[in-house]
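The values are calculated or read from the model by the stated rules, or taken from the named source; none is laboratory data. Remember, predicted model here, so these are calculated numbers, not experimental data. Cβ coordinates were reconstructed from backbone atoms using ideal geometry, including for glycine residues, and neighbour counts include every protein chain displayed. Note: areas computed on protein heavy atoms with side chains; ligands, DNA, RNA excluded. Shrake-Rupley method; radii C 1.70, N 1.55, O 1.52, S 1.80 Å.
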Amino acid sequence: MSTKIISALLLVIFLILSNSSLFSQETTFFKAYETTSGAMNIFGYQFIDDTGKIFVGDIIRSALIQVDKDGNILKQFRFNSMLTGATPLKGGEIALAGNKITLSGVVGFYGVLSSDFSIKFLKGLPSNYINSLGFTGGKPVSVNIMNTVSDGYVGELTYVEGSDGDLSYLVKLGFDGNIKLVRKFYYNNQMLPLDKVIVDKFFNSYLAISRENHIVLKVDSNLNVLSAVSVNPGSSFSSVGSIQTVASTGDGGILILGSGYVSSGKVRDFLIKINRFNTVEFIKVFDFGDKEIDFDENIEVTSDGSIILAGSYQSDNVGGLVLIALDSAGNLKWAREYRVSATGFFLANHSIYNNAIFSGGSWCYLEGWLPKCSLMLLKSDINGRVANCNTMSDINVSVYSPGDIFTVSAVPVTFSDHPIPSQYLSVSLSQAQGDYVVKEICSVGVPPYVPTYTLMLGISGGGSVSIPELGKVFSNSGFSLIEIEGNKNITLVASPAENFLNWGYQCYYCGNNTTCSLTMDGNKICVAFFKSGEGISYPFTDVPPTHWAYNAIMWCRERGITIGNPDNTFHPDEKISRGAMAAFFIRLLEKTDEPICNGGISCRNTQPYFKDVPFDNNFFRYIQRFKELGITKGCNPPESTLY
């Protein structure tokens, strides 16, 4: 490997990955699933299991529908009791939760479907168990299994307390479904009601919210408290409305999404990012103008640290689904809106799988004079776009960082266990075939969508480029980013002609002609080269666009795989060290410059695996992770003590 040059290695990485399934373009769609039984009420949701199976659920009709990656129906299930939710578990299992009417009243049930859709177990909670927890006068208790651990399952036990909302507690269950442990939490010697529990799959821990107290807990797989933080209003917000949901950042940190009231009395949504040391990294506030977006519990983090928010709104018989992307620092990347004529449009949840965003919920509209409701599923690419969908448009949203918004502080939280009853009420359910059919949404009730693409125009030397169709002239050496309507034909005119050399990049076919025609059917990069004047300030001063590996090096730089040298050089023709190679591949595979090693700790703080790679080696953290992933075993087998 030491005889290879850096440029060649990065070119190989670029060619392999740009043609791999990770970057393949899959079908995108916006579809509805409605029954043949006519008008009805529907409340839908979606999820994807860890084997890639995609499901749409209907709470009202207790239905579960499996669809393929193009949104076509594969299987349908309907249960003879109310199925209030389903959650993907490890190995293709699906957790079920719902209510069943019996002679003694309504019984909350929970269970697990195996990957072949057979029922692994179904359990009901008897009335004496509900009473033993001190729950009286309310609706049934339900258990939502959320994750698989080494000795069973972990979930939340929820009690619907009428006007006071839902109260949740953490529970641990065996693989047979029997409850082993119920845990209550306390703050200031008062029981801390939990409103929602989220799985942090990266660290096998759980995040729990107490909306009433504005507290977020982190607990381990044995339900012990790891940390707790409290969110309180600062001077910019008059009060915290609610914490809607939390999410894991993937490296031990958390994201808190909520809403509050600013001094003008308006409601604003906020997003707080806290690292694993409980230090606030950023607080962002969103302003959508006259739109009130309901984000509910919809926040996801991509493999590169980007944050995807999803919400919905209803206005003047038009429903809207909104997708927003922020980078890992909280800066806005893009915002998309999907609008359909609707009497009701409700987003339940969204998830990210295989470089695509799936959003599910309900869509109600008028068919003649009658209301019609359907399940809704949108599959967009990772940039929130659905190909050829005329319901989509880009929207403006202000994302800003005011001064003193909130204070985030650590708070002490204790816990106690609750007695477990000795018996459970057995519940059996029969599966019934559904009657759902597919309907396209993309062509419903809004003007055609016209995409916008970006032209990156570069000028090297003493000259200028005009675009007559836009009425603009660009004369500064460097790059300009120009937003242009999709599929628009434009002309680039270089002047003065006597100084012009040639066009480069995606305009190379125009050669040394001063005029170059271009169709904006996608994002484009064009560079005009002139004889004299200062050149472009390139990201790496020794890698101009004419370098044979420029595209590959820039591709890797944009993704953080390489960062170059402190003097803004790259040295593309130098030999590469084994340490640099480890850095390239760890940044590529784990999408971070600070890898986390086994045990959930920074690789900088681990014991060296190799004698010749001490703590102070510039590449220590990458080589440590390289070894843990099994990519390297060292270079002196069988001892394997040297790298």
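Some observations on this one:
- Looking only at the stretch 166-198, residues that are outside any strand (DSSP E or B) and modelled with pLDDT of 80 or more come to 8 in all.
- Enumeration of residues in the stretch 473-490 that are at pLDDT 85 or above and open to solvent by less than 30 Å² (accessible area, probe 1.4 Å): I482, I484, I490
- Taking the stretch 451-460 as the range and being under 29 Å from the mean Cα position of the chain (by Cα) and modelled with pLDDT of 75 or more as the test, the residues that pass are Y453, T454, L455, M456.
- Within the stretch 577-635, the set of residues being within 26 Å of G253 (Cβ to Cβ), of a type in the set (S, T, N, Q) and free of Cβ contacts under 8 Å to residues at least 40 places away in the same chain comprises N598, S602, N605, T606, Q607, N618, Q624.
- Verdict on L271 being open to solvent by less than 20 Å² (accessible area, probe 1.4 Å), assigned to a strand (DSSP E or B) and closer than 24 Å to E590 by Cβ: yes
- Conditions (1) modelled with pLDDT of 80 or more; (2) small (G, A, S); (3) touching a helix residue (DSSP H, G or I) at 6+ places or on another chain (Cβ under 9 Å); number of the one not met by A528: (3)
- Selection of the stretch 287-342 for residues being basic (K, R) and not in a strand (DSSP E or B) yields only K291.
- Matching residues, the stretch 502-525, being open to solvent by 80 Å² or more (accessible area, probe 1.4 Å) and not polar (S, T, N, Q): Y508, Y509, D521
- Residue check for P371: assigned to a strand (DSSP E or B), surrounded by fewer than 17 Cβ atoms within 10 Å (Cβ to Cβ) and modelled with pLDDT under 85: yes
- Residues of the stretch 412-450 classified as at pLDDT 65 or above, open to solvent by 70 Å² or more (accessible area, probe 1.4 Å) and part of a loop (DSSP other than H, G, I, E, B), total: 4
- Residue in the stretch 243-257 that is modelled with pLDDT under 85, open to solvent by 10 Å² or more (accessible area, probe 1.4 Å), within 29 Å of V171 (Cα to Cα) and in a strand (DSSP E or B) present: yes
- In the set (1) at pLDDT 80 or above; (2) over 18 Å from T414 (Cα atoms); (3) open to solvent by less than 50 Å² (accessible area, probe 1.4 Å), the condition left unmet by T158 is number (1).
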